[in-house]
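What follows is a short report on a single structure.
The values are calculated or read from the model by the stated rules, or taken from the named source; none is laboratory data. Computed from a predicted model, the values in this text were never measured in an experiment. All Cβ positions, even for glycine, are placed from backbone atoms using ideal geometry, and neighbour counts span all protein chains on display. Heads up: the accessible areas ignore ligands, DNA and RNA and are worked out on the full protein's heavy atoms, side chains in. Shrake-Rupley method; radii C 1.70, N 1.55, O 1.52, S 1.80 Å.
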Amino acid sequence: MPDQTPLQACQPTLESLPVTADAIRQDIKQYQFYHLGRILKDCPPVYTYRALAWTLRDRLMSDWMNTYARRDLPGKRRAYYMSLEFLIGRALSNHVLNLDLDKTARASLQDFGHSMEELVEEEPDAGLGNGGLGRLAACFMDSCASLDLPVMGYGIHYEYGMFRQRIENGYQKEDADHWLRDGNPWEVERTEFIQRVQFGGRTEHFTDKEGVRHARWVDTSDVLAIPFDMPISGYRNHAVNTLRLWKSTATDAFNLDEFNAGSYTEAVQEKNHAEHISMVLYPNDSSENGKELRLRQQYFLASASLKDALRQWHAAGNSDLSKFADDNVFQMNDTHPTIAVAELMRLLMDDYRLDWDKAWAITTQCMAYTNHTLLPEALERWSVALFERLLPRLLEIIYEINARFLRTVSMKWPGDLDRQRRMSIIEEGGVQQVRMAWLAIVGSFSVNGVAALHSQLLRDGLFRDFVDLWPDKFNNKTNGVTPRRWVAHANPGMSALITREIGDGWVADLSQLEKLKPLAELSNKAFHADWHAAKRANKERLAALVKADCGVEFNPDALFDVQVKRIHEYKRQLLNVLHVIHLYSRIKKGHMQGWADRCVLIGGKAAPGYAMAKRIIKLVNSVAEVVNNDPDVNGRLKVAFLPNYRVSSMEIIAPATDLSEQISTAGKEASGTGNMKFMMNGALTIGTYDGANIEILDAVGEDNFFLFGLRAGEVDALRGHYQPHTYLEQDHELRDVIDLIGSGHFNPVEPGIFDMILGAILSPHDPWMTLADFRSYVDAQNLVSLAWHDKANWTRMSILNTASSGFFSTDRTMAEYNRDIWKLRPA
Ligand code: 26Q
């Protein structure tokens, strides 16, 4: 497996198992009977699912081993994607697609009394991430395997993933997500590769026999990191990469002293402490909250992963550390694993006895950093005091990195103390803080943003001083999504149609969707009818989900207007709600010119501590309650909040969407990736000039995109002069909306609950400037309604969106990372 010596790598590897329906059926039965103790009759579907999962995992095994045997040779360069989050969702249907086993697996199930669809539903989503950043990591893993790039993911084996969201009386309630309760049939535990991670203690400095000064970290409280490997299959190419997730556990020796002293319960408590590290994912996607346990998680991941990468590199027959950076590159997914910069320095100096300059040259040639946010409140800072207590040796190293770095700065800009203060990794002030983004920039050879605008704003703003110093470090890598999960799997109807017309090459080369462009012409009546029918079937599927989960009837002939993403003020779900209320008020007034029937779907989780986001959910639900039950509305407008939005719900939602809402305040959404999933599935976008929306607009053309709102520069220029009341005075339709909320129309029995929302959007300090974009948004929405009436032209635009989405495949994104940053040689 992933860790063979070159000798083993040359040995013949195991044959793959037969993939006929009979062989698969036989294996499922064996697992059901011998492993699970169940017989065919009355076997609950969850066990049949598990037996099928094992059966398929067996069929991945030889490819998995061969993939590593092929690559584990001296001098073979590798990349490691380090991320606190991998939002992978379900695996079964993904492997079935990649192995081309759909028909066979269905045929093998005939004796079991469960359909493939039922079994797929038995698998819980692996919700090991919050949102965009975590899902991006999962799409990257898919594309790396499909491109046969030697990339391993390193993450945390959280016992509890992203919380499950319930809606009670319109309010969000959180339940723990114990996704491992029934076991995870995909993972392989590898105790032979356990690593030890240190915490606490103190540093000792000493001089060795040759008179060289060294440091050692002593009296630490250690925990063990156990790796669990998940196979990441490539699309029909026999490559299987590894996602390695670390679980924390107490060391065996954890309790000897106390145990012998008879303090049994205290000893077991310490074990608990160790196991807390990988217990739960922090459900916070946009503000760092400085919790000690989070820093422990970050260091746990960084340390275990670096030690493991060093071990793998040695196991492949390498020993000259000066070549380590030729063979290894670490991509850090945001600043979350950035302590890896200091940890690699520590390992190279304290464990391998390299001097500072050698260690620094290696470290800065193998670390690369991706930034995912411009929001200042999301920039990670850790108090020096916490570092001192938890990771004293790492703090020393960070101080030394900073001292040397500031010397470079003062050489280039002598006497510019303000610049030194701005660029220091240690922020001075009331409490000293470590600025993780600065550590990441100083320690990396590549720093990238995730969409063209975002990368430009980083260069011009947050990272400007660093760009002055190292202009060549900074680059853009526009995000993408994997077309396997987000089109081929999620939208089989449309996929079959595309394949019928242009062949199936698009699945592995999404740029081929361009070939659909001629078919968008209105003269292709038959293709248009088929396209419309596929979308219509997807809308029926979503309508059934909405009915089941929200109790709301969606009419598949109405416009499906969808916004699903984390709830955040900058994403402006509120602007969407203001428009919904405006539509409602039009109905009440009988202003129906140009009306289009709409079903508005909103979904997403609020961070449990984010009071405003939670209140926005309540507002959506309250508005839905009134609108859906007002007889005057009579089905022309429906509103639903979909509970527990997650990867597997997006697989139903994106293919059924007509209108994709991407309405963040310009300059705030780094990229967005939901926008790409919708576009690929033939939705039109209503959006601001923000993040990857700009590149979507460029690709599809402004005639096929509903653009509105202030641009990033205009938002900045308005800051300090923003006067929301002027918009109210000028716009009676906006006044009507605000008055309806203010009158308590949506909250007759809970007076005052929306005052905080009105207060926020009516404040001249509203950073998201919601009211500034209201008129422009409503005008764009009116154009949407008009466009919807011309069914043929809408279908034309829908086809053009899909046909223009080729750029947004993570296959392209990964090819760019590889070309510019990783430089992995093709396997
Ligand atoms: C940090 C410290 C402590 C606790 C939690 C966190 C934390 C966790 C997750 C901070 C941020 C996140 C997630 C951020 C995120 O998802 N960003 C999104 O990344 C996408 C992929 O690049 C972009 O498309 C989105 O625009 C961006 O918002």
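If you take every residue apart from R164 with its C-beta less than 14 Å away from the C-beta of R164, what net charge results, scoring Lys and Arg +1 and Asp and Glu -1?
Values: positive: R166, K173, R181, K605, R646; negative: D125, E168, E174, D175, D177, D549.
Taking every other residue near R164 into account, the sum is -1.
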Note to self: What whole-number distance in Å separates the alpha-carbon centres of region 753-775 and region 23-63?
What the structure shows: 55
Notebook entry, point to check: With each pseudo-label sitting 7 Å past Cα toward Cβ, what's the A526-L73 distance in nm, one decimal?
Noted result: 5.1
Margin query: With just the Cα atoms defining each centre, how far is region 208-252 from region 304-319? Give it in Å.
Written below: 10
Next item on the list: Could you tell me how many degrees, from 0 to 90 and to the nearest 10, lie between the Cα long axis of helix 732-742 and the main elongation axis, the longest principal axis, of the Cα atoms of the chain?
Entry: 70
Notebook entry, point to check: Counting only heavy atoms of protein chains, what accessible area per residue, in Å², does region 308-382 have with a probe of 1.4 Å?
Noted result: 29
Notebook entry, point to check: For helix 45-71, what angle does its Cα long axis make with the longest principal axis of the chain, in degrees from 0 to 90 and rounded to 10?
Noted result: 50
Check: Could you name the lysines in cross-link range of K535, using Cα to Cα under 20 Å and dropping any fewer than eight places away on the same chain?
Finding: K515, K517, K525, K547, K638, K677, K791
Check: What value does region 740-824 have for Rg/Rh, both radii from Cα atoms and Rh as Kirkwood defines it?
Finding: 1.23
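Figure the gain on full extension for D252 and R166 (residue separation times 0.36 nm, minus the Cα-Cα span) and round it to one decimal in nm. Mind showing how you got there, number by number?
Working: separation 86, 0.36 × 86 = 30.96 nm, distance 3.98 nm.
Between D252 and R166, full extension yields an extra 27.0 nm.
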Next item on the list: Could you list, in their original order, any pairs among K473/K823; K473/K571; K565/K668 whose Cα atoms are separated by more than 20 Å?
Entry: K473/K571
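Between beta-carbons, use under 11 Å as the cut-off and find the net charge around T251, counting Lys and Arg +1, Asp and Glu -1.
Working: positive: R196, K271; negative: D222, D252, E270.
Net charge in that neighbourhood comes out at -1.
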Notebook entry, point to check: Could you list log10 I(q)/I(0) for the chain at q = 0.08, 0.10, 0.11 Å⁻¹, which the Debye formula gives when each Cα is one point scatterer?
Noted result: -0.73, -1.14, -1.36
Next item on the list: Would you mind estimating how fast region 459-522 diffuses translationally, via Stokes-Einstein at 4 °C and 1.567 mPa s with the Kirkwood radius over Cα pairs, in µm²/s?
Entry: 87
Notebook entry, point to check: Between D731 and S287, what length in nm is gained on full extension when 0.36 nm per residue of separation is reduced by their alpha carbon distance?
Noted result: 156.4 nm
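What's the long-distance tail for region 409-542, i.e. % of Cα pairs beyond 27 Å?
On the way: 4494 of 8911 pairs.
Considering region 409-542, 50 percent of its Cα-Cα pairs are separated by more than 27 Å.
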Next item on the list: Go from 0 up to the bin containing the longest alpha carbon distance in region 601-736, width 5 Å each, and give me the % of pairs per bin.
Entry: 2, 8, 13, 15, 20, 20, 14, 6, 1
Margin query: So the label point goes 7 Å from the Cα of S776 along Cα→C-beta, right? Which residues of region 566-584 then have their backbone N under 20 Å from it?
Written below: 569-580, 582
Checklist line | Label point distance in nm, D465-N634, each placed 7 Å from Cα along Cα→Cβ | finding: 6.4
Next item on the list: Would you calculate, for the chain, the mean residue ellipticity at 222 nm contributed by helices, counting each DSSP H stretch of 4 or more residues as -39,500 (n - 2.57) and dividing by all residues, to the nearest 500?
Entry: -13500 deg cm²/dmol
Notebook entry, point to check: For region 187-284, what is the convex hull volume of the alpha-carbon atoms per residue, in Å³?
Noted result: 217
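In whole Å and largest first, what semi-axes does the C-alpha gyration tensor of region 3-119 yield when each eigenvalue is scaled by 5 and square-rooted? Please report the intermediate quantities before stating the final value.
Numbers: eigenvalues 202, 62, 32 Å².
Ellipsoid semi-axes (Å, largest first): 32, 18, 13.
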Notebook entry, point to check: Near T665, within a Cβ-to-Cβ distance under 12 Å, what is the net charge of the other residues, with Lys and Arg +1 and Asp and Glu -1?
Noted result: -2
Margin query: Taking the square root of 5 times each eigenvalue of the Cα gyration tensor, what semi-axes in Å does the equivalent ellipsoid of region 267-388 have, largest first?
Written below: 28, 19, 13
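Express the relative contact order of the chain as a whole percentage, based on alpha carbon pairs under 8 Å and six or more residues apart in sequence. Provide the component values of the computation, followed by the final result.
On the way: 1522 pairs, mean separation 107.9, N = 827.
13 percent.
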Check: Roughly what % of Cα-Cα distances in region 81-154 sit above 22 Å, to the whole percent?
Finding: 35
Check: Straight-line reach from K307: which aspartates and glutamates have Cα under 18 Å away, leaving out those fewer than 8 places along the same chain?
Finding: D3, D72, E189, E192, D222, D229, D320, D326, D327, E343, D350, D351
Notebook entry, point to check: What are the ³J(HN,Hα) values, in whole Hz, obtained from phi via the Karplus relation 6.51 cos²θ - 1.76 cosθ + 1.60 with θ = phi - 60°, for each residue of region 448-459 in sequence order, with x given for Gly and Pro?
Noted result: 10, x, 10, 7, 4, 4, 4, 5, 5, 5, 5, 4
Checklist line | Of all DSSP beta bridges in the chain, antiparallel share, percent nearest 5 | finding: 45
Next item on the list: Enter the angle in degrees (range 0 to 90, nearest 10) between the Cα long axis of helix 392-412 and the first principal axis of the Cα atoms of the chain, meaning the one along which they spread out most.
Entry: 80
Note to self: Calculate the FRET efficiency for R719 and S511 from the Cβ-Cβ distance with a Förster distance of 30 Å, rounded to the nearest 0.05.
What the structure shows: 0.15
Next item on the list: Hey, can you find the accessible area per residue of region 702-812 for me, probe 1.4 Å, expressed in square angstrom?
Entry: 44
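Tell me, what % of the accessible area of the chain is carbon and sulfur with a 1.4 angstrom probe? If you can, show how the numbers build up before the last one.
On the way: 16020 of 30870 Å².
Reported share for carbon and sulfur atoms: 52 percent.
Run the numbers for K588 and T408: contour at 0.36 nm per residue of separation, minus the present Cα-Cα distance, in nm. Working shown, then result.
On the way: separation 180, 0.36 × 180 = 64.80 nm, distance 6.67 nm.
58.1 nm is the gain from fully extending K588 to T408.
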Next item on the list: Find the Rg to Rh ratio for region 713-790, where Rh is the Kirkwood radius over alpha-carbon pairs and Rg uses the same atoms.
Entry: 1.04
